[in-house]
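*Asks:* Below is one structure. I have some questions about it.
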Amino acid sequence: EKGGYDHFMLKEIFEQPQTIFDSLRGRLDAKNGTLTLGGIREYAEVLSNANRIVIVACGTSWHAGLVAEYIIEEVCRIPVEVEYASEFRYRNPVIGQGDVIIAVSQSGETADTLVAIEAAKEKGAIILGICNVVGSSIARASHAGAYTHAGPEIGVASTKAFTAQLAVLTLVALKVATEKGSINEQRFQYLLNELEAVPEKVATALQLNDQIKAIAEKYKDARDFLYLGRGYNFPVALEGALKLKEISYIHAEGYPAAEMKHGPIALVDENLPVVFVATKDSYYEKIVSNIQEIKARKGKVIAIVTEGDETIPAMADDVIVVPEADELVAPMISVIPLQLLAYYIGVLKGFDVDKPRNLAKSVTVE
Ligand code: F6R
């Protein structure tokens, strides 16, 4: 049932070229320049007229929501807030007609997310569910939605559900953008092509497996890790840190790279590995200076970079090269080495990576 893999987590990491493809299939037609999302067809206009969009989720799904915030604001020009479901539901949030809530959940059963959308629905908001489990409570409580087609996720740490969420959230953003007319035809077509190319680039990133295993061996005894990224890759840094914590029980923090100077930089010494998600995008020059700041304090830099980059490899201790992609879709690719890194460190430390201690696959208690 693990298909020849040692763990479900590894199997699910390796399934991602297929699960991303499945989440795009029948929806994205790059050749004809069209995008169909049956589940939100009736609400596409409401969405494009939204005053604001609030994304509610927990954990890894919340990280997918953060990437979506950047994408939706960029292509739809609608203000987006991303909320931890637990905080949103308890603070009597200001919600009303014209607000659209997007709930993101693999299981569709997370109690806080479910109660958050039920409360928002009562106040007149339109609810869109992005769930993986068909017929789940969150899917049923939503007015409309689009499923991720990641298939059953058995490993407790979420991997393939995350990239499927990113694929579907990008489709939703692009659909709303065309409806609204906030994206030009050329950029739209370009992004459709970029999305279509993601599964293959993820497959290429998976070939880094052996290299990542070696990096895991080198850093597995570190006490702490810092993960840094900017822009679309900032949530990827958060996700990398979460994966490491869950699977290897190493303390890890994700931060926006520039925010490092406001505190975490105090932790940097020759024993601290700092993982930079530093692919070529509009933030690139800025992240290069952040890497210099870490090197000046003797931190160990593990950098995820785009093919062809020569600047960062000259500065970093370890370099992980991923295929080039537009910054909007890059997180689906740059997260792959981070999933593998957490997996191999956990395995090398002898932990049960499919069932990390204290964690449950779906959190149905508040
Ligand atoms: C992380 C993880 C959790 C879930 C969170 C939300 O690897 O698995 O953080 O992402 O509990 O779960 P769903 O997406 O089912 O609502």
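The values are calculated or read from the model by the stated rules, or taken from the named source; none is laboratory data. These numbers were taken from a predicted model, which means no experiment stands behind them. Every residue, glycine as well, gets a Cβ built from its backbone with ideal geometry; the counts of neighbours run over all protein chains shown. Heavy atoms of the whole protein, side chains included, go into the accessibility calculation; ligands, DNA and RNA do not. Shrake-Rupley method; radii C 1.70, N 1.55, O 1.52, S 1.80 Å.
*Asks:* Starting from the amide H of G254, placed 1.01 Å from N in the peptide plane, find each other amide H under 5 Å away whose residue is 5 or more places distant or on another chain.
*Replies:* Answer set, sorted by chain and number: Y227.
*Asks:* I would also like to ask the following. Might you tell me the accessible area per residue for the chain, computed with a 1.4 Å probe and given in Å²? Could the numbers behind the result be given before it?
*Replies:* Details: 14700 Å² over 366 residues.
Heavy-atom SASA per residue in the chain reads 40 Å².
*Asks:* Return a whole-number percent for the relative contact order of the chain, with Cα pairs under 8 Å and 6 or more residues apart as the contact set. Before the final figure, lay out the partial values.
*Replies:* Working: 756 pairs, mean separation 71.6, N = 366.
The normalised contact order for the chain reaches 20 percent.
*Asks:* Using only helices, what value at 222 nm comes out for the chain when you add -39,500 (n - 2.57) per DSSP H run of length 4 or more and divide by the total residues, to the nearest 500 deg cm²/dmol?
*Replies:* Rounded to the nearest 500, the figure is -13500 deg cm²/dmol.
*Asks:* Order 87-98, 136-147, 309-320 from most to least packed using the mean count of other Cβ atoms within 10 Å. Can you show the working numbers first?
*Replies:* Details: 87-98: 13.9, 136-147: 20.5, 309-320: 16.3.
Descending mean neighbour count gives 136-147, 309-320, 87-98.
*Asks:* Going by average Cβ neighbours within 10 Å, how do the peptides 260-266, 346-352 rank, with the highest at the top?
*Replies:* Descending packing order for the listed peptides: 346-352, 260-266.
*Asks:* With no solvent and one equal point scatterer per Cα, compute the Debye intensity ratio I(q)/I(0) for the range 51-181 at 0.15 Å⁻¹ and report its log10, rounded to two decimals.
*Replies:* Log10 I(q)/I(0), no solvent term: -0.61.
*Asks:* Viscosity 1.002 mPa s, temperature 20 °C: Stokes-Einstein D of the range 1-92 from its Kirkwood Cα radius, in µm² per second?
*Replies:* Values: Rh = 16.1 Å.
Rounded, D is 133 µm²/s.
*Asks:* Another question, then. Roughly what angle does helix 160-180 make with the longest principal axis of the chain, taking Cα atoms, 0 to 90 degrees, to the nearest 10?
*Replies:* It works out to around 50 degrees.
*Asks:* Accessible area of the chain with a 1.4 Å probe: how many percent of it is carbon plus sulfur?
*Replies:* Carbon with sulfur: 48 percent of the solvent-accessible area.
*Asks:* Taking the Cα centroid of the range 295-354 and of the range 69-109, what is the distance between the two, rounded to the nearest whole Å?
*Replies:* 29 Å
*Asks:* Above 32 Å lies some portion of the pair distances; for the chain, what is it as a whole percent of all C-alpha pairs?
*Replies:* 29 percent
*Asks:* Go through 114-126, 9-21, 25-37 and give me the packing order, highest mean Cβ count within 10 Å leading.
*Replies:* The most tightly packed comes first, giving 9-21, 114-126, 25-37.
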